[in-house]
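The structure appears below as structure tokens.
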Amino acid sequence: MNRVLSFDHVSGILTCQAGCVLENLSSYLEERDYIMPLDLGAKGSCHIGGNVATNAGGLRLLRYGSLRGTVLGLEVVLADGKILNCLATLRKDNTGYDLKQLFIGSEGTLGVITAVSILCPRKPRAVNVAFLGCSTFQQLLETFQRCRGMLGEILSAFEFLDSACMRLLEKHLKLVNPITESPFYIVIETAGSNAAHDEEKLHSFLEEVMESSLVTDGTVATEEAKIKALWALRERVTEALTHDGYTYKYDISLPVEKIYQLVTDMREHLGDRAKNVVGYGHVGDGNLHLNITSPAKDPALLAAIEPYVYEWTAACRGSISAEHGLGLKKKNYIHFSKAPEAVALMGDIKSMLDPRGILNPYKTLPDSLH
């Protein structure tokens with residue numbers, strides 16, 4: 001189930017089977033002067049069907065939005081074996097309920113996605129990547145504000161990692177920090193249609209944030225090889241963590257001004273019980289990836305992390321799962337982000353579409369509803 005079924009060169013609408021690997025789709029589209037609206041560090045192995053089933057966010061959600069907006073239609077196999085054909089290629093269809101939204105982000109608990117139609121943007125003519133250092137997270141946030149205002153329509157990504165992440169990249173993967181050591185690092189990508197225009201806007205932005213001391217040091221890449229090298233410093237953090245010991249991973253969504261406070265508070269809360277507590281993620285959409293490492297799996301450490309991390313997130317009216325789903329591990333913590341009435345309605349929908357509980361059982365919904 002890895003075939004491209006059709007591609008409309010005028011509208012940029014791709015229809016494909018769910019087993020297509022994301023990187024292969026990206027290559028197919030680039031040959032036709034288009035790109036996928038989704039880009040992930042795991043693009044070499046993840047499938048588009050799984051991306052849709054988990055409503056994956058990725059690195060460029062800031063620019064292209066979520067899959068809930070770019071997926072136009074789905075083909076889904078229901079629990080009773082019926083095929084639900086909602087494989088529309090229309091951008092507008094207001095004929096009743098938007099059924100595809102039930103299955104986007106449902107983690108396969110309501111149906112098995114077998115085909116997807118997705119709206120793809122044109123391939124940008126000019127891409128620039130800046131890698132910058134900041135002394136404080138507040139300066140990083142102010143840089144983000146200036147960035148949105150000055151780069152506007154060409155801004156495609158604004159990512160961050162902390163100094164603890166950089167140390168792991170240097171130690172375990174032997175990657176080289178291209179700028180002066182800083183407490184925080186930013187990856188900014190611009191993507192537009194006019195190289196001279198984009199470079200001028202980026203230069204003006206960098207000049208302002210350097211002169212105002214928001215940014216302490218930085219480097220810019222326009223060539224593909226250097227762009228990939230700078231992106232590796234963000235995309236390979238997960239890989240570096242695997243070499244640091246057993247990793248406890250949390251995918252949290254918070255108001256942007258609070259996303260790093262959780263890392264700071266968690267370090268203080270755990271003290272020397274953890275080997276490393278690091279934070280990185282998507283500033284543009286308030287998504288923090290909090291990772292905690294220890295030499296080996298440690299039940300006492302886990303008990304100190306949970307439910308503290310979920311209580312902290314709930315107190316800030318955040319989400320305990322920003323882009324990777326609840327799965328098996330987080331299902332019983334759903335009440336930290338969803339009201340009882342909402343959870344009950346989710347259970348009703350599951351019972352209606354899958355009365356025997358055969359689709360990805362024991363996932364997403366709490367045990368009380370199984």
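Exactly one residue out of 92, 82, 123, 100 is surrounded by 20 or more Cβ atoms within 10 Å (Cβ to Cβ) and of a type in the set (D, E, K, R), and it is 100. Among the residues of region 211-232 satisfying the criterion of being among the acidic types (Asp, Glu) and assigned to a helix (DSSP H, G or I), which is farthest from residue 165 (Cα to Cα)? This residue is 211. Pairs meeting the criteria (first residue in region 15-32 and assigned by TED's automatic domain parsing to the domain that holds residue 90, second residue hydrophobic (A, V, I, L, M, F, W, C) and in a helix (DSSP H, G or I), beta carbons under 7 Å, at least 6 apart or on different chains) are 16/25; 16/48; 18/48; 20/48; 22/48; 25/48. Residues of region 3-48 that are small (Gly, Ala, Ser), assigned to a helix (DSSP H, G or I) and surrounded by 14 or more Cβ atoms within 10 Å (Cβ to Cβ): 26 alone. Taken together, 212, 204 contain a single residue that is closer than 19 Å to residue 283 by Cβ and touching a helix residue (DSSP H, G or I) at 6+ places or on another chain (Cβ under 9 Å), which is 212. Here residue 255 does not qualify as under 21 Å from residue 325 (Cβ atoms) and either touching a Lys or Arg at 6+ places or on another chain (Cβ under 9 Å) or surrounded by fewer than 17 Cβ atoms within 10 Å (Cβ to Cβ) (or both). Pairs please, first residue from region 345-370 and closer than 12 Å to residue 110 by Cβ, second anywhere and among the hydroxyl-bearing types (Ser, Thr, Tyr) and not in a helix (DSSP H, G or I), Cβ atoms under 6 Å, 6+ apart in sequence or on different chains. Filtered contacts from region 345-370: 359/109; 360/109; 363/109; 364/109.
Every residue, every condition in (1) part of a loop (DSSP other than H, G, I, E, B); (2) at negative phi; (3) not small (Gly, Ala, Ser), yes or no:
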{"residue": "270", "(1), (2), (3)": "no, yes, yes"}
{"residue": "302", "(1), (2), (3)": "no, yes, yes"}
{"residue": "313", "(1), (2), (3)": "no, yes, yes"}
{"residue": "321", "(1), (2), (3)": "yes, yes, no"}
{"residue": "344", "(1), (2), (3)": "no, yes, no"}
{"residue": "347", "(1), (2), (3)": "no, yes, no"}
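The rows are residues; the columns are (1) within 22 Å of the chain's Cα centre (by Cα); (2) farther than 16 Å from residue 55 by Cβ; (3) part of a loop (DSSP other than H, G, I, E, B).
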position	(1), (2), (3)
105	yes, no, yes
109	yes, no, yes
114	no, yes, no
132	yes, yes, no
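Among all positions in region 292-310, there is at least one residue which is outside the structural domain of residue 162 (by TED's automatic domain parsing), under 19 Å from residue 254 (Cβ atoms) and of a type in the set (Phe, Trp, Tyr). Restricting region 283-311 to residues that are within 22 Å of residue 140 (Cα to Cα) and buried (at least 20 other Cβ atoms within 10 Å of the Cβ), the residue that is farthest from the chain's Cα centre (by Cα) is 291. Among the conditions (1) under 21 Å from residue 161 (Cα atoms); (2) over 24 Å from the mean Cα position of the chain (by Cα), residue 318 misses just one, which is (2). Within region 65-94, the set of residues being under 24 Å from the mean Cα position of the chain (by Cα), touching a residue at least 24 places away in the same chain (Cβ under 8 Å) and part of a loop (DSSP other than H, G, I, E, B) comprises 65, 91. Of all residues in region 162-177, those that are in contact with a Leu (Cβ under 7 Å, 6 or more places away or on another chain) and part of a loop (DSSP other than H, G, I, E, B) total 1. All but one of (1) assigned by TED's automatic domain parsing to the domain that holds residue 218; (2) at pLDDT below 95 hold for residue 41, so report the exception by its number. For residue 41, the failing item is (1). From the list 247, 190, the lone residue that is within 15 Å of residue 131 (Cβ to Cβ), at pLDDT 95 or above and not small (Gly, Ala, Ser) is 190. Filtered by the rule that a residue be without any contact (Cβ under 8 Å) to a residue 12 or more places away in the chain and among the aromatic types (Phe, Trp, Tyr), region 95-107 gives a lone residue, 97. Exactly one residue among 181, 159, 208 is part of a loop (DSSP other than H, G, I, E, B), modelled with pLDDT of 95 or more and either of a type outside the set (A, V, I, L, M, F, W, C) or surrounded by fewer than 16 Cβ atoms within 10 Å (Cβ to Cβ) (or both), and that residue is 181. Taking the condition farther than 22 Å from residue 58 by Cα, touching a Gly at 6+ places or on another chain (Cβ under 7 Å) and of a type in the set (A, V, I, L, M), does residue 345 pass? Answer is no for this residue.
The values are calculated or read from the model by the stated rules, or taken from the named source; none is laboratory data. The structure displayed is predicted, hence computed values, not measured ones. Every residue, glycine among them, receives a Cβ derived from its backbone with ideal geometry; neighbour counts consider all protein chains shown.
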